[in-house]
Amino acid sequence: MSFNLDINIMKGETNMALIKCAFCKGTGKDPFNLLSKLATCQVCGGKGKVEVKEPMIKCVYCKGTGVYPHNGRVTCTVCNGKGSVTVKGETEKCPDCNGTGVAPDSLPCLTCRGKGVVPIVITENE
Ligand SMILES: [Zn+2]
Ligand SMILES: [Zn+2]
Ligand SMILES: [Zn+2]
């Protein structure tokens, strides 16, 4: 029996997941042909796959596309073009952007840094 998993468990304590590069949709080519038609994707270096630390969620700021939503030719500044972002521990919806990751000025929300979620802060009020 063999499994063809997309997830690689790397050495050490951090689990890295190998996912399809969102920016080039796994083609390994620059999706916007900024340099030339044969230019490699700047996010994955032409491999078509990128590593993201686990646990991760889909980047809400670019909706998982890896493309910066307000200038459709550069990488998303939140996920660096990967389409997924790492979250730490338990999270809840960001109260400032209501989970959208977008601030009123359409830049990434400063509270959650565009992730749409913030770590749950455990307050010890009794
Ligand atoms: Zn790529
Ligand atoms: Zn993104
Ligand atoms: Zn936010």
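Remarks
- A Förster radius of 35 Å combined with the Cβ-Cβ distance from Lys25 to Ile122 puts the calculated FRET efficiency at roughly 0.35.
- Among the listed pairs Lys20/Lys82; Lys20/Lys63; Lys47/Lys115; Lys49/Lys88; Lys25/Lys93; Lys29/Lys115, those whose Cα-Cα separation exceeds 19 Å are Lys47/Lys115; Lys49/Lys88; Lys25/Lys93; Lys29/Lys115.
- Between Asp96 and Asn15, the distance separating the two model label sites (each 7 Å from Cα on the Cα→Cβ line) works out to 3.0 nm.
- Evaluated at q = 0.17, 0.23 Å⁻¹, the base-10 log of the normalised Debye intensity for segment 29-83, with identical point scatterers placed on the Cα atoms, takes the values -0.52, -0.88.
- Taking the chain and dividing mean pair separation by its residue count, relative contact order in percent (alpha carbons under 8 Å, at least six apart): 18
- When the Cα convex hull of the chain is projected onto planes of every orientation, the mean area is 10.9 nm².
- Signed unit charges on C-beta, dipole axis of segment 19-124, positive-most listed residue Pro104, Val117, Cys41: Cys41
- Computed about its Cα centre, the charge dipole of segment 71-126 is approximately 480 debye, with only Lys, Arg, Asp and Glu carrying charge at their Cβ.
Laboratory data are not the source of any read-out in this text; all were calculated from the coordinates shown. Computed from a predicted structure; not experimentally measured. Cβ: placed from backbone, ideal geometry, glycine included. Neighbour counts: every protein chain shown.
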